[in-house]
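Following: one structure in structure tokens, then a few remarks.
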Amino acid sequence: MSEFKEDVSIVLGGAAGQGIQTVEEILTHALKKSGYHVYANKEYMSRVRGGINTTEIRVSSKRVRAFVKRIDILVPFKQGVLSWVRDRLGENTVVLGEKENVEEEFLDKVNLVEVPLTKMVMEVGSQLYLNTTAAGLIVGFFHGDFGAVEEYIRKRFGSKGENVVQKNIEAARKGYELGVKLCEEGTIKIEVERDEKVKDEVLLTGTEAVGIGAFAGGMDFLSFYPMSPSTGVSTFAAQHAEEFGIIVEQVEDEISAINMALGAWYAGARAMVSTSGGGFALMSEAISLAGMAENPVVVHLAQRPGPATGLPTRTMQGDLNLVLYSGHGDFPRIILAPGSLEEAFYLTAEAFNLADKYQVPVIILTDQYFVDTYYNLPAPDMEKVKFERYIVEAKPGYRRYELTEDGISPRAVPGYGEEVVIANGNEHDEWGDITEDAELTIKMQEKRAIKKLETIKKNAPLPKLIGSENAKYLVIAWGSTLHVVEEALEKLGRDDVALLHFSWVYPLKPKVREFFEGKVLIDVENNITGQFAELLRKELGIEVHHKILKYDGRPFSVEEVLEGLKGVIE
Amino acid sequence: MNVQLPTGRELFEPKRPGSQDIAWCPGCGNFGIRNILISALAELGLKPNQVAIISGIGQAAKMPHYINVNGYHTLHGRAIPIATGVKASNPELTVIAEGGDGDMYAEGGNHLLHAIRRNPDITVLIHDNQVYGLTKGQASPTTMKGMKTPTQPWGVFEEPFNPLALAIALDASFVARTFMGYFKESVEIIKKAIQHKGLTIVDILHPCVSFNKVNTYAWYREHTYWMDDHDPYDREAAFRRALESDPLPLGIFYIHEKPTFEEQVPAYKKDKTPLWKREPKPELVKKFFEGKKL
Ligand SMILES: Cc1ncc(C[n+]2csc(CCOP(=O)(O)OP(=O)(O)O)c2C)c(N)n1
Ligand code: SF4
């Protein structure tokens with residue numbers, strides 16, 4: 001008998017096009033509705049059919065938000081899955097499914113629970129229902145709410161007609177009944193407590209959190225050129241464009257995308273572009289224009305490994321330097337990197353206020369791991385989102401680039417007020433006209449690169465400290481690694497280790513230095529050189545003592561971070 | 001020039017300190033284009049704050065500094081996407097994208113092609129001096145074969161770009177060519193271009209007295225003619241005219257009335273409020289989260 005308690009990690013593996021995503025969706029929704037905490041993340045190859053894609057779903061009695069390497073239950077939909085996840089298989093891993101999908105070499109090594117999925121679905125009528133049966137089976141293990149499965153199937157397949165819905169429900173029920181039976185027979189035993197509160201929570205992906213955050217922040221316009229893994233945000237925006245009354249335009253290239261967004265902001269709208277490293281590389285010229293013309297813009301950059309086309313469907317925190325240094329000349333920018341889905345929502349919304357207020361590019365850095373992650377959470381609170389507009393009326397005598405103490409000139413937009421608004425990517429005087437005057441050049445350079453930067457720094461929030469202020473060890477993380485480090489620290493269970501997480505990545509307040517004083521600093525980053533550690537050194541003169549880096553295109557697992565930390569501390 | 005200038009022109013004469021010292025060479029055709037544009041705006045009865053000129057980079061692209069309307073002097077080749085964003089954000093503005101032949105046809109070529117497909121209601125004015133001015137006389141996409149330049153000392157052997165034929169081939173909404181030496185006619189063409197709903201392309205021939213010794217004022221007068229008997233709604237005829245190379249026809253080549261970008265985006269279908277005046281919709285965000293509870 002195989003027994004799992006409190007926290008079960010289920011991995012489904014199959015070819016692209018085999019419908020693993022459907023299983024993932026039905027399962028997570030039904031289990032959440034049944035009162036379980038769920039987390040899911042997928043890993044996929046850059047191809048439309050074939051290959052091997054896997055999805056990890058954690059079902060837990062406590063909140064779970066991080067990727068674990070461990071597999072408790074593995075459901076392979078084709079041969080090759082076991083080899084693909086070989087190093088994640090443990091003694092207790094149960095392989096569930098059909099013998100044909102298990103490679104010869106594993107047959108006598110794993111705990112195989114044979115389930116005749118194909119035979120079962122053929123009774124319903126078609127191979128097509130395999131996914132729903134598998135989903136039903138797993139929900140059955142948890143004695144989940146079958147009504148929720150039905151509800152989801154209806155929502156998902158409703159447009160395909162009642163027959164498809166009924167067949168899928170029948171297939172799911174067969175799976176469900178078998179799941180319950182396997183538990184009753186004692187083949188599998190799962191004990192995860194339910195939490196009634198979960199039922200009322202929302203299930204969100206990183207993509208949706210960014211997308212809906214942008215809507216909450218008053219996004220009016222999104223222009224994009226498709227590139228994985230950022231496209232999801234554009235798709236999301238397009239699908240809600242009509243409802244929210246915004247423009248979403250797929251343009252000829254990334255250069256056009258960001259320039260259109262600059263134009264939209266110049267005229268007073270709130271615009272965003274969504275892209276990945278390769279696309280952002282093309283945008284750097286316009287980022288520079290935004291810097292000189294003090295034209296606000298919001299960019300969402302979902303990172304994937306580079307250089308060049310790198311690993312299109314995999315993950316890395318490798319583009320920090322790109323966004324930090326992109327564009328020629330000196331000008332300020334703001335870089336945000338949400339760690340949780342809540343942060344992705346609030347920060348994306350806030351990005352529009354920040355861009356509006358400081359008139360700089362605001363870049364939201366996520367990555368493939370982050371955008372494809374989802375879990376349940378209490379619905380973010382719209383009341384906490386402030387809509388702050390900083391546009392002024394162009395009264396007679398208006399000067400777009402008026403020299404001010406804090407480096408921020410009042411921004412008017414064309415048509416609002418009697419006066420005209422001149423913006424310029426050339427060095428300019430206060431009105432916006434071209435200048436080559438040495439003194440004015442100095443003033444304008446100082447206004448942008450010093451005064452404005454200082455103002456932003458002064459108002460920048462501090463990073464989040466998790467754990468004791470007096471801890472001897474301080475783990476440093478930014479962006480998407482938040483939860484995995486957090487869970488690793490919980491597992492480590494030592495109160496002399498704390499976590500300092502940065503979701504406001506740049507520019508840093510000098511006060512941040514105080515967090516580091518007298519500590520052993522351990523930097524955790526999903527890239528090869530420790531780009532954030534380098535930033536700390538450059539900005540604050542902080543040297544980290546240890547680096548735990550991962551750069552195989554995969555996200556950190558809780559186990560890996562834990563091992564890395566143990567290696568440093570013990 | 002013995003022409004009656006319209007009233008209202010003074011509105012468009014900028015008084016800003018930086019706009020007084022014009023950086024164009026004495027005798028340059030750009031002055032004429034500025035005059036033409038100011039007259040066109042004045043005759044149309046527009047107000048300076050209702051117009052926005054988005055320019056790229058080059059001598060031509062300095063226009064926003066020498067005229068009193070909203071302006072954004074941007075990047076080489078990028079005026080069109082920026083102008084598209086401006087118009088999308090505020091369709092109440094009259095939006096003009098302006099630049100040289102290098103700006104619009106070389107660096108910005110791809111944007112021009114796709115702007116024709118997208119059809120935003122903007123006016124694209126190309127100052128076509130058949131040479132790069134600001135960077136001192138290199139060949140541009142429209143330089144004639146055989147012309148020698150410091151960077152093409154052997155003489156240009158590439159085929160010159162034919163912007164009109166290209167635009168008509170792509171079924172652009174409005175395509176015209178003028179020579180800035182013909183003031184009255186040019187004002188009329190630009191007025192029609194601004195009034196036309198949809199993307200308009202006006203190729204404005206103008207001499208570069210510093211670097212183009214071939215295509216002079218006299219040359220343009222000798223090598224151009226006005227199309228008197230042309231029907232701009234006849235696409236095939238327009239295309240044939242666009243292929244003529246010497247003399248070059250002037251006038252409105254092609255008009256195709258069709259829905260604009262702004263008219264087709266769902267954002268403006270029910271609600272005409274310019275994007276920039278819109279506020280977030282918290283109730284819809286809340287509704288979204290309700291849906292995510294399922
Ligand atoms: C990205 C970029 N590449 C090159 C330049 C240099 N540059 C400035 S203007 C120009 C060409 C200008 O020619 P045209 O557009 O025909 O305008 P004109 O000066 O003749 O009016 C070039 C190549 C630049 N500013 N930016
Ligand atoms: S370089 Fe040529 S186009 Fe430019 S201002 Fe001088 S004459 Fe005019």
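Derivation of every value follows stated rules applied to the coordinates shown; laboratory data play no part. Predicted model only: the values in this text are computed from it and were never measured. Every residue, glycine as well, gets a Cβ built from its backbone with ideal geometry; the counts of neighbours run over all protein chains shown.
3J(HN,Hα) along segment B:138-152, derived from phi through the Karplus expression 6.51 cos²θ - 1.76 cosθ + 1.60 where θ = phi - 60°, amounts to 6, 5, 10, x, 9, 4, 6, 4, x, 5, 8, 9, x, 9, 10 Hz, with x in place of Gly and Pro. In segment A:464-567, what percentage of the DSSP-assigned beta bridges are antiparallel, given to the nearest 5? Around 20 percent antiparallel, to the nearest 5. The mean sequence separation of alpha-carbon pairs under 8 Å and at least six residues apart, normalised by the residue count of segment A:204-384, gives a relative contact order of 29 percent. If you average the C-alpha positions of segment B:5-26 and of segment A:502-570 separately, how far apart do those two centres end up, in angstrom? Cα centres, segment B:5-26 to segment A:502-570: 57 Å. So if I take the centroid of the Cα atoms in segment A:196-245 and the same for segment B:107-183, what is the distance between those two points in Å? So the two Cα centres are separated by 40 Å.
On the beta carbon distance between A:Asp406 and B:Thr135, with R0 = 45 Å, the FRET formula returns roughly 0.75. Take each residue in B:60-71, count the other chain C-beta atoms within 10 Å of its C-beta, and the mean is 4. For segment A:76-147, a crude dipole built from +1 on the beta carbon of Lys and Arg and -1 on the beta carbon of Asp and Glu, taken about the Cα centre, is about 160 debye to the nearest 20. Look at the alpha carbon pairs under 8 Å that are at least 6 residues apart: their mean separation over the length of segment A:464-567 gives a relative contact order of 31 percent. The residues packed around A:Asp72, meaning those with a beta-carbon under 15 Å from its beta-carbon, carry a net charge of -1 if Lys and Arg are +1 and Asp and Glu are -1.
Inter-chain Cβ neighbour count for A:211-223, averaged per residue, equals 4 (cutoff 10 Å, partner chain atoms only). Each part gets one Cα centre, and for segment A:459-485 versus segment B:39-69 those centres are 52 Å apart. Residues of segment A:547-570 falling in the label zone of A:Asp496, defined by backbone nitrogen less than 17 Å from a point 7 Å along Cα to beta-carbon, are A:565-570.
With each label modelled as a point 7 angstrom along the Cα→C-beta vector, the A:Ala438-B:His256 pair spans 5.6 nm.
The angle between the Cα long axis of helix B:29-43 and the longest principal axis of the Cα atoms of chain B comes to about 50 degrees, rounded to the nearest 10. Of the trypsin sites (Lys or Arg not before Pro) found in segment A:349-451, the ones in coil according to DSSP and having at most 16 other Cβ atoms within 10 Å of their Cβ are A:Lys386, A:Arg389. Once backbone amide H atoms are built at 1.01 Å from N, A:Lys547 has A:Asp523 as its partners under 5 Å, excluding neighbours fewer than 5 places away on the same chain. Here r is the Cβ-Cβ distance between A:Leu107 and A:Phe387 and R0 is 60 Å; the resulting FRET efficiency, rounded to 0.05, is 0.50. Applying a DSSP loop filter and a limit of 10 other Cβ atoms within 10 Å to the trypsin sites (Lys or Arg not before Pro) in segment A:469-540 leaves nothing. Equivalent-ellipsoid semi-axes for segment A:125-279 (Cα gyration tensor, √(5λ), whole Å, largest first): 42, 17, 14. When its C-alpha radius of gyration is set against 2.2 N^0.38 Å (N residues), segment A:491-570 gives a value of 1.12. Counting only lysines at least 8 places from B:Lys270 when in the same chain, those with an alpha carbon closer than 23 Å to its own are B:Lys87, B:Lys197, B:Lys258, B:Lys281, B:Lys286, B:Lys287. The slack between A:Lys189 and A:Ser159, meaning 0.36 nm per residue of separation minus the straight C-alpha distance, is 7.1 nm. Relative contact order for chain A: what is it in percent, counting Cα pairs under 8 Å that are at least 6 residues apart? 13 percent. Seen from A:Thr118, the other residues with C-beta closer than 15 Å to its C-beta sum to a net charge of 0, counting Lys and Arg as +1 and Asp and Glu as -1.
In order along segment B:267-277, phi translates into HN-Hα couplings of 4, 9, 5, 9, 10, 8, 4, x, 3, 5, 8 Hz, rounded to whole numbers, per the Karplus curve 6.51 cos²θ - 1.76 cosθ + 1.60 with θ = phi - 60° and x for Gly and Pro.
Note on B:Lys145 and B:Glu13: the extension gain reaches 43.7 nm, defined as 0.36 nm multiplied by sequence separation minus the Cα-Cα distance. Of the Cα atoms belonging to chain B, the radius of gyration and Dmax stand at 20.2, 75 Å.
The charge dipole of the protein assembly as shown, taken about the Cα centre with unit charges on the Cβ atoms of Lys, Arg (+1) and Asp, Glu (-1), comes to about 580 debye, rounded to the nearest 20. Across segment B:65-183, the volume of the C-alpha convex hull divided among the residues equals 125 Å³ per residue. Rounded to the nearest Hz, the phi-derived 3J(HN,Hα) couplings of segment B:223-236 under the Karplus curve 6.51 cos²θ - 1.76 cosθ + 1.60 (θ = phi - 60°) are 10, 10, 8, 8, 7, 9, 10, 9, 9, x, 8, 9, 5, 5, where x marks glycine and proline.
Dividing the summed -39500 (n - 2.57) terms of all DSSP H runs of n ≥ 4 by the residue count of chain B sets its mean residue ellipticity at 222 nm at -8500 deg cm²/dmol. If you add up the charges near B:Gly85, with Lys and Arg at +1 and Asp and Glu at -1, over every other residue whose beta carbon is less than 12 angstrom from its beta carbon, what do you get? Residues close to B:Gly85 contribute a combined charge of +1. Per the Debye formula on identical point scatterers at the alpha carbon atoms of segment A:531-570, with no solvent, log10 I(q)/I(0) at q = 0.17, 0.24, 0.30 Å⁻¹ is -0.57, -0.87, -0.96. Computed from the Cβ-Cβ distance with R0 of 25 Å, the FRET efficiency linking B:Leu170 to B:Trp226 stands at 0.55.
Structure remark: mean-square fluctuation, Gaussian network model of chain B, C-alpha springs under 10 Å; the largest value among B:His223, B:His76, B:His206 belongs to B:His223.
Each of B:Ile22 and A:Tyr551 was given a label point 7 Å from its Cα along the Cα-to-Cβ line. The distance between the two points is 5.6 nm. Here's how it looks for B:Thr94: its modeled amide H is under 5 Å from those of B:Val51, B:Ala52, which are all 5 or more places away or on a different chain. Percent of C-alpha pairs per 20 Å bin in chain A, short distances first: 20, 49, 25, 5, 0. In this structure the amide hydrogen of B:Thr224, modeled in the peptide plane, comes within under 5 Å of the amide hydrogens of B:Leu248, none closer than 5 places in sequence on its chain. Which part of segment B:68-94 falls in the paramagnetic zone of B:Glu158, meaning amide N under 11 Å from the point 7 Å along Cα-to-beta-carbon? The answer is none.
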